[in-house]
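Input: a single structure, listed below in structure tokens.
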Amino acid sequence: MTTTSPTTSGVTPNIDAARLASLAARVHAADPDAFQDVTNAMTGGVLGQVPHCSPEDVAAAAQRARAVQKAWAQRPVEERTAVLLRFHDLVLRRQDEVLDLIQLENGKARRHAFEEILDVTMNARYYAHTAADYLKPQRRQGAQLALTKVWELHHPKGLVGVISPWNYPLTLGISDALPAIVAGNAVLTKPDAQTPYAALWAVELLEEAGMQPGLVQVVTGSGTELGTPIIENTDFLMFTGSTAVGRTVAAQAGEHLIDCSMELGGKNALLVLDDAEVDKAVAGSVRACFSNTGQLCISMERIYVPGVIWEEFITKFAAATQAMKLSSAIDYFADMGSLVSQKQLDTVIRHVDDAVAKGATVLAGGKVRPDLGPYFYEPTILAGVIEEMEVYAHETFGPLVSLYRVEDEDEAIAKANDSEYGLNFSVWTSDEQRGYRVAARLEAGTVNVNDAYAAAWGSMDAPMGGMKASGLGRRHGEHGILKYTESQTIAIERVIPVGAPDGLNPKTYARIATRALRLAKHLPGVK
């Protein structure tokens, strides 16, 4: 396993203390002395400070956002979409700055930080080109066909709350806000306390691109302290995080009668079918399990392999994993970077130690790497995992995967589905149609055939979200923008009203209406 020693000081040619302070200054807190440290994930030292907001600060931020929302919503949708296109160009032009920020506050390898550039720009481009069609008034079939003229309108919810985690600070910090903004909403967003800078950077660029200043308000602090006030002060909530916290958030949203959308936990499974090209499946499995140091909601923590290719697969997969390059360098050298914190490192250590103590075998990795940085852990493969081990059913959210031998396709599908989660699965096969059939039997919101996760996630026109305990609602496509709107039906009745006209005997009306209903059943185009 190739490694390089830590080289990150917390200052890069693109990021210095003054730049971090300017981003932090975008957050408004009533107490000028209330600050919290942001840790450099590569070194464990202090990267910078941001305000520690209070519930009162959340309420004030909500008021500021609402004060400009109506004027923003009244701007033509073409003006709002133009902001997204300019934002798209600014992100590409200034990507090195935010790539440094992401690596410093999160610890990931730069190649995985660049995935966030891809996501944000593709998201902005997609909704810039589609929002007008999604939001325009739609004709609907009326109760009395041509006699009832019906329109469906979409109005902005008002103020959308976004609570995002630390694992993709740019993607999850701003991408969910983009369709909300272009739909005419204001946004109140709380990035994770560990990774606030990338979201602040994105809001700065949105305003530079022409977004109404103050439309997106950022508050920084702990989710425990600020989560409830955000729910209390917004009209819709987008939450990404653990299933346990998601249950609490959903209950609170329900109490306030606001809608919510959530991407929650997962224990994602990858199925290697007996006709798969092993070398391709191995390369795909490395990406699926260890991208973003395994701290990816849609990464794989379970792999099911048929007995006929078991030995070949595990030998090549272990070798490929051991050959990965680990580094904290602010460049594209590394295949994998650091975990984000001591807490995440402790979880990985606990899962591996518990599994080994109960009989599991380490096929690759299994070691802490303090020589690289305080939170580095080698990409690790386990075999012989059984139900009594913590790693069997619980999400690790780190560079750890368990391999399971199965006899056939049906057993692999049954075992993959035997989980409370259903977020993202992967299938590897040389037969595209077989892959489609297997994918359709899997209980997951997205299934990638011959890809780890990027094919489904990057297909912005298709919905993205989880089944079972992995979430509510969907990102992307029409779902990803219309959820931020209130649907309104306007029905205009012409000539005669619905119901018996004045002067017509109700019994006669019922007889005529019955005949009309029977006829309508056979008319083409009548729903």
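The values are calculated or read from the model by the stated rules, or taken from the named source; none is laboratory data. Values in this document were obtained by computation on a predicted structure and should not be read as measured data. Here Cβ is always computed from backbone atoms with ideal geometry, including for glycine, and neighbour counts include all displayed protein chains. Each accessible area value is taken on the protein alone, full model and side chains, heavy atoms only, with ligands, DNA and RNA left out. Shrake-Rupley method; radii C 1.70, N 1.55, O 1.52, S 1.80 Å.
Roughly speaking, what is the stretch gain from residue 495 to residue 34, that is 0.36 nm per residue apart minus the C-alpha to C-alpha distance, in nm to one decimal? Mind showing how you got there, number by number?
Working: separation 461, 0.36 × 461 = 165.96 nm, distance 6.61 nm.
The residue 495-residue 34 span can extend by a further 159.4 nm.
Using the Karplus curve 6.51 cos²θ - 1.76 cosθ + 1.60 with θ = phi - 60°, work out ³J(HN,Hα) for each residue of the stretch 43-59 in order, rounded to whole Hz, and write x for Gly and Pro.
Values, residue by residue: 10, x, x, 7, 7, x, 10, 10, x, 9, 6, 10, x, 5, 5, 4, 4 Hz.
Top to bottom by accessible area (1.4 Å), largest first, where do 248, 12 land? The partial results should precede the final answer.
Values: 248 75, 12 15 Å².
The ordering from most to least exposed comes out as 248, 12.
May I ask for the distance between the Cα centers of the stretch 175-197 and the stretch 287-310, given as a whole number of Å?
Result: 30 Å between the Cα centres.
Sequence gap at least 6, Cα distance under 8 Å: using those rules, report the relative contact order of the chain to the nearest whole percent. Write out the running numbers ahead of the final one.
Numbers: 1141 pairs, mean separation 96.2, N = 527.
Once normalised by length, the contact order is 18 percent.
Tell me, what ³J(HN,Hα) does each residue in the stretch 366-375 have, in order and in whole Hz, if you take phi through Karplus 6.51 cos²θ - 1.76 cosθ + 1.60 with θ = phi - 60° and put x for Gly and Pro?
x, 10, 6, 10, x, 5, 9, x, x, 10
Which ³J(HN,Hα) values in Hz, rounded to whole numbers, follow from the phi angles of the stretch 79-94 under the Karplus curve 6.51 cos²θ - 1.76 cosθ + 1.60, where θ = phi - 60° and Gly and Pro get x?
Listing the rounded values in order: 5, 5, 5, 5, 4, 5, 5, 5, 4, 3, 5, 5, 4, 5, 5, 10 Hz.
Determine the sum of side-chain charges near residue 193: Lys and Arg each +1, Asp and Glu each -1, restricted to other residues whose C-beta is under 15 angstrom from that of residue 193. Please report the intermediate quantities before stating the final value.
Values: positive: 190, 343; negative: 37, 57, 105, 192, 225.
For residues surrounding residue 193, the net value is -3.
Straight distance only, please: which lysines reach the Cα of residue 415 with their own Cα at less than 27 Å, same-chain residues fewer than 8 apart left out?
Candidates past the 8-residue exclusion: 267, 280, 316, 358, 468.
Need one value: the accessible area of residue 460 in square angstrom, 1.4 angstrom probe, rounded to the nearest 10.
Answer for residue 460: close to 10 Å² accessible.
Given axes a ≥ b ≥ c from the Cα gyration tensor, I'd like to know whether the chain is rounded (a/c under 1.5), prolate (a/b larger than b/c) or oblate. Don't jump to the answer; show the numbers that get you there.
Numbers: a/c = 2.27, a/b = 1.33, b/c = 1.71.
It comes out oblate by the Cα gyration axes.
Rounded if a/c is under 1.5, else prolate if a/b is larger than b/c, else oblate: which is the stretch 271-370, with a ≥ b ≥ c the root eigenvalues of its Cα gyration tensor? Intermediate results must be reported in sequence, preceding the final value.
Working: a/c = 1.99, a/b = 1.33, b/c = 1.50.
Oblate.
Rg and Dmax of the stretch 103-151, Cα atoms, in Å?
Every Cα atom of the stretch 103-151 included, Rg and Dmax give 21.2, 63 Å.
Restricting to the stretch 377-527, compute how many DSSP beta bridges are antiparallel as a %, nearest 5. Please list the in-between numbers first.
Working: 3 of 11 bridges.
Around 25 percent antiparallel, to the nearest 5.
Counting only pairs 8 or more residues apart or on different chains, how many lysine pairs in the stretch 65-214 have their Cα atoms under 26 Å apart?
Values: 70/136; 70/157; 70/190; 108/190; 136/149; 136/157; 149/157; 157/190.
Close lysine pairs found across the stretch 65-214: 8.
Which order do 52, 28 take when ranked by solvent-accessible area (1.4 Å probe, heavy atoms of all protein chains), largest first?
28, 52
Between residue 433 and residue 478, what's the calculated FRET efficiency when r is the beta-carbon distance and R0 is 35 Å? Round to 0.05.
Working: r = 28 Å, r/R0 = 0.79.
The formula returns an efficiency of 0.80 here.
With the cut-off at 1.5 for a/c, could you classify the stretch 393-467 from its C-alpha gyration tensor as rounded, prolate or oblate? Can you show the working numbers first?
On the way: a/c = 1.56, a/b = 1.09, b/c = 1.43.
Oblate is the answer for the stretch 393-467, as a/c is 1.5 or above yet b/c matches or exceeds a/b.
In whole angstrom, note down how far apart the Cα centers of the stretch 132-150 and the stretch 337-415 are.
The stretch 132-150 and the stretch 337-415 have Cα centres separated by 54 Å.
Students sometimes get this wrong: rank 350, 93 by accessible area, probe 1.4 Å, all chains present, largest first.
Values: 350 110, 93 165 Å².
So, going from the largest accessible area down, we get 93, 350.
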